[in-house]
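The values are calculated or read from the model by the stated rules, or taken from the named source; none is laboratory data. Worth saying up front: this structure is predicted, and the values here are computed from it rather than measured. As a convention, Cβ positions derive from the backbone with ideal geometry for all residues, glycine included, and neighbour counts pool all protein chains shown. Remember, those area values only see protein heavy atoms, side chains included, never the ligands or the DNA or RNA. Shrake-Rupley method; radii C 1.70, N 1.55, O 1.52, S 1.80 Å.
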Amino acid sequence: MSSQQSLNPNRATPHVLKLSPTGAISRVNGTILRLFSKVKKKQTDGCGSILHDNSTGEDHECVTINSLPNDVLLDIFNHCRLLPFPYGLIGDMWEWHRLTHVCSRWRYVIFASPHLLDLRLLCTHGTPVRRTLDCWPALPISIQYGGVVGRPPPALKDEDNIIAALEHPARTYQIQLSLTRSLFDKLAALKQQPFPALERFWLMSDDGGELSALSSTILCESAPRLRFLFFDGIPFPMLPKLLLSTKGLVDLTLVEIPSAGYFSPESLVTSLSGMTQLKMLYIEFASPSSHPNRRSVPPLRRAVLSTLTQFRFRGISEYLEDVVAGIDAPALSYFHVKLFNQPIFDVPQLHQFIFRAERLRVPSRATLEFCEKDVFFSLVQPAGMDTSGYLSLRIACNPFDWQVSSITVICNQSSTLFSRVEELSIYRHLQPAKEDEIGIPEWLEFFRPFTTVRSLYVSEYLGPLVAHALEDAADGPVMEVLPALRVLRFEDFRESVPVDKFVTARQLSDQPTLDVCYGDSKWFV
C-alpha cells in the first residue's frame with residue numbers, strides 16, 4: 001500500500017502525519033530485538049539465515065514478520081507503545097499512525113484493539129482539526145498547544161482548530177493549552193458543558209498575568225474521569241464546583257493563582273472531601289492579596305485524604321490554617337510551605353496537622369538557611385528509614401532580624417515537633433553577619449525548642465553571632481540552652497568564634513564532654 005494512502009482512499013491524508021513505512025518497520029524490528037535480546041541472527045552456508053538463542057543454544061529457522069500471527073503482532077505493537085519517546089512530558093503520544101500505513105493487515109490489527117494500544121488522535125500546532133477528525137475512527141482526542149514550559153503557545157490561526165476540537169467533549173481525553181488573551185476570551189465565551197472522557201486538564205497563562213483581570217468559566221462544567229489537573233496563572237474562581245465532580249483525581253496542581261481566581265479555604269476543603277485517590281496537592285497563590293475575609297472555626301469532622309503523600313502550599317498563614325484544620329493526611333511524606341511575610345504568625349492548626357502525619361512528626365535532622373529574601377527551614381529523617389519524610393517551611397521576609405524572629409515564633413509554637421531532632425545545621429548565604437544585627441535573647445529563644453540536639457553546625461558568617469550568644473548563656477543556667485549538645489562545629493576558625501566560657505560552664509555542670517570543631521575539622525556525632 002502506498003505511503004500516501006489514508007485509511008479511506010477517498011479522503012486526503014492529514015498533513016500532520018509525516019508517513020514513513022520504512023521507519024515504522026525499523027521501529028518494530030527494534031522492538032523485536034528488545035523483546036528477544038538473547039536471540040541473534042546468523043547466516044547459514046546457503047542464502048538463508050537462522051536465529052540462534054544464546055540462552056538455550058538452539059537454532060531456529062528465520063521467518064518474516066508477515067508470518068507472525070495477529071496476537072504476536074499485537075504484542076509487538078504494544079511494546080512499541082511502551083518504548084520511551086524523546087520528550088517524556090505529560091501527554092506525549094506514541095506514533096501509532098505510522099504503523100497503520102505499512103499495510104492493511106497492520107491497520108486491521110491496530111484498529112481492532114484501540115484500548116489496549118491506547119490509540120488517541122493528536123490535535124496540535126498546524127493540525128487541520130476538522131479534516132483530521134473526519135479521516136480517522138472516533139478515537140479519544142488529545143488537544144496539545146503549549147501548556148508546558150518550552151513548548152510554544154497556540155498561534156492565532158490555531159485557535160479555530162482548538163474550538164473545533166472542543167466541539168467533541170465526549171471524546172476529549174486531554175486538554176493541554178497555553179492561554180493567550182485572545183484564546184482565553186474565546187474559551188470564556190463558550191458554554192460550559194460536561195467532559196465525561198477528560199482525564200488530563202492542563203492550562204497555563206501565557207499573557208504575563210493579564211488574564212487575572214478577566215472573569216472566567218473555563219468551559220468545563222464537570223469531569224468525572226479527571227485524574228490530573230494543572231493550572232498555572234489561571235483565574236478560575238469556580239474551580240471548587242468543578243472539583244466536586246472529580247473524585248478520582250490523583251494530582252491537583254494550582255500555581256500562581258491570581259487574585260481574580262481566589263476561592264475560599266472552606267470551599268476547597270469541601271471539594272477535596274471524598275477524593276480517595278488524591279496523591280499530590282499543590283496550592284500556590286501569586287500574592288498575599290488572596291486571603292480569607294475571616295478566620296473560620298475548625299470543623300468538628302475533618303476530611304481524610306488517606307492517599308495524599310505530597311502537599312505544597314504558598315500563601316498566607318490564615319489560609320493555610322483554615323485548610324489544614326479541615327483535612328487529615330495520615331500518609332503524607334512531603335510537605336512544603338512558603339508563607340508570605342506577615343506581622344504576626346499564629347499557626348496552631350499547622351502544628352496539629354503535621355503531628356497527625358506519622359512520617360512528618362519524628363524528624364531527626366533540621367536545617368535552617370538564611371537567604372537574601374527569605375528564611376528556609378527543613379526537617380528530614382536519615383536516608384534509608386522506612387518512615388522517612390520531608391517537611392520544609394519558607395518565609396518570605398527581609399532583613400535578617402525579621403527572618404530570625406519569624407522562624408523563632410513558628411518553631412516555638414511547634415516545639416513538640418523538635419522533640420527528636422538530634423542534628424541541627426544553620427547556614428547564611430549572604431555577606432558576613434554583624435554582631436548588632438540580632439540580639440542574644442533572640443538567638444537563645446530560637447534554640448529553646450531544640451532540647452535533644454546532639455550536633456550543631458554553624459556556617460561561615462554566622463559563627464560570631466552564635467558564639468556570642470552561647471558565651472552569654474554561660475552566665476545563666478547553661479543547661480537550659482541545647483542541653484543535649486555533644487558536638488559543636490563552626491565553619492569559621494577558632495580565633496573568630498571563641499566559646500571557651502560556654503564549654504567550661506558545661507563541664508562544671510557535670511555533663512559529658514562538649515567537642516568543639518573549627519574550620520575544616522571533621523564533624524562527628
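Measuring from label point to label point, each 7 Å out along Cα→Cβ, what is the Thr513 to Arg181 span in nm?
7.2
Taking amide H positions as placed in the peptide plane 1.01 Å from N, state which residues far from Tyr282 in sequence (5 or more) or on other chains have amide H under 5 Å from it.
Leu252, Thr253, Leu254, Arg312
For Arg131 and Phe355 in the same chain, what is the full-extension length gain: residue separation times 0.36 nm, less their Cα-Cα distance, in nm? Walk me through the intermediate numbers first.
On the way: separation 224, 0.36 × 224 = 80.64 nm, distance 5.71 nm.
74.9 nm is the gain from fully extending Arg131 to Phe355.
Rounded to the nearest Å, what's the spacing between the alpha carbon centres of region 119-194 and region 308-347? Just the number, please.
Using only Cα atoms to place each centre, the spacing works out to 35 Å.
Report the paramagnetic label zone for Thr451: residues of region 479-498 whose backbone N is under 12 Å from a point 7 Å from Cα along the Cα-to-Cβ axis.
Backbone N within reach: 480-484.
If r is the Cβ-Cβ distance from Thr217 to Thr270 and R0 is 25 Å, what FRET efficiency results, to the nearest 0.05?
Numbers: r = 20 Å, r/R0 = 0.79.
The computed FRET efficiency comes out at 0.80.
What FRET efficiency comes out for the pair Thr367/Arg225, r = Cβ-Cβ distance, R0 = 41 Å, nearest 0.05?
Details: r = 41 Å, r/R0 = 1.01.
Between Thr367 and Arg225 the formula returns 0.50.
Among the listed pairs Lys241/Lys279; Lys373/Lys501; Lys279/Lys338, give every one whose C-alpha distance is greater than 23 Å. Each step should come with its number before you reach the end.
Working: Lys241/Lys279 20 Å; Lys373/Lys501 34 Å; Lys279/Lys338 20 Å.
From Lys241/Lys279; Lys373/Lys501; Lys279/Lys338, over 23 Å: Lys373/Lys501.
Can you tell me how region 225-323 classifies by the Cα gyration tensor, rounded, prolate or oblate, using a/c under 1.5 as the rounded cut? Walk me through the numbers on the way to the answer.
Numbers: a/c = 1.64, a/b = 1.17, b/c = 1.40.
Oblate, since a/c reaches 1.5 and b/c is not below a/b.
Based on the alpha-carbon gyration tensor of region 87-239 and its eigenvalue square roots a ≥ b ≥ c, which shape applies: rounded if a/c is under 1.5, prolate if not and a/b is larger than b/c, or oblate? It would help to have the intermediate numbers written out before the result.
Details: a/c = 2.06, a/b = 1.83, b/c = 1.13.
The shape class here is prolate.
When the label point is put 7 Å from the Cα of Ser496 along its Cα-to-beta-carbon vector, which residues of region 502-516 have a backbone N closer than 19 Å?
The answer is 516, whose backbone nitrogens lie closer than 19 Å to the label point.
For Ile344, what accessible surface area do you get with a 1.4 Å probe? Give it in Å², rounded to 10.
Roll a 1.4 Å probe over it and Ile344 shows about 120 Å².
Each residue of region 500-506 in turn: what ³J(HN,Hα) in whole Hz from Karplus with 6.51, -1.76, 1.60 and θ = phi - 60°, glycine and Pro shown as x?
Using θ = phi - 60°, the values come out as 4, 5, 5, 5, 4, 4, 5 Hz.
What are the ³J(HN,Hα) values, in whole Hz, obtained from phi via the Karplus relation 6.51 cos²θ - 1.76 cosθ + 1.60 with θ = phi - 60°, for each residue of region 391-396 in sequence order, with x given for Gly and Pro?
Each residue's phi maps through the Karplus curve to give 10, 9, 9, 10, 10, 7 Hz.
Short version: ³J(HN,Hα) in whole Hz for each residue of region 360-377, in order, from phi by Karplus 6.51 cos²θ - 1.76 cosθ + 1.60 (θ = phi - 60°), x for Gly and Pro, what are they?
9, 8, 10, x, 10, 10, 10, 9, 10, 10, 9, 10, 5, 10, 7, 10, 10, 10
What shape does region 273-409 have by the C-alpha gyration tensor, where a ≥ b ≥ c are the square roots of the eigenvalues, rounded means a/c under 1.5, and otherwise prolate means a/b greater than b/c and oblate the rest? Working shown, then result.
Working: a/c = 1.94, a/b = 1.15, b/c = 1.68.
The shape class here is oblate.
Could you compute how much accessible surface Thr452 exposes when probed at 1.4 Å, giving the result in Å² to the nearest 10?
Ignoring ligands and nucleic acids, Thr452 comes out at about 40 Å².
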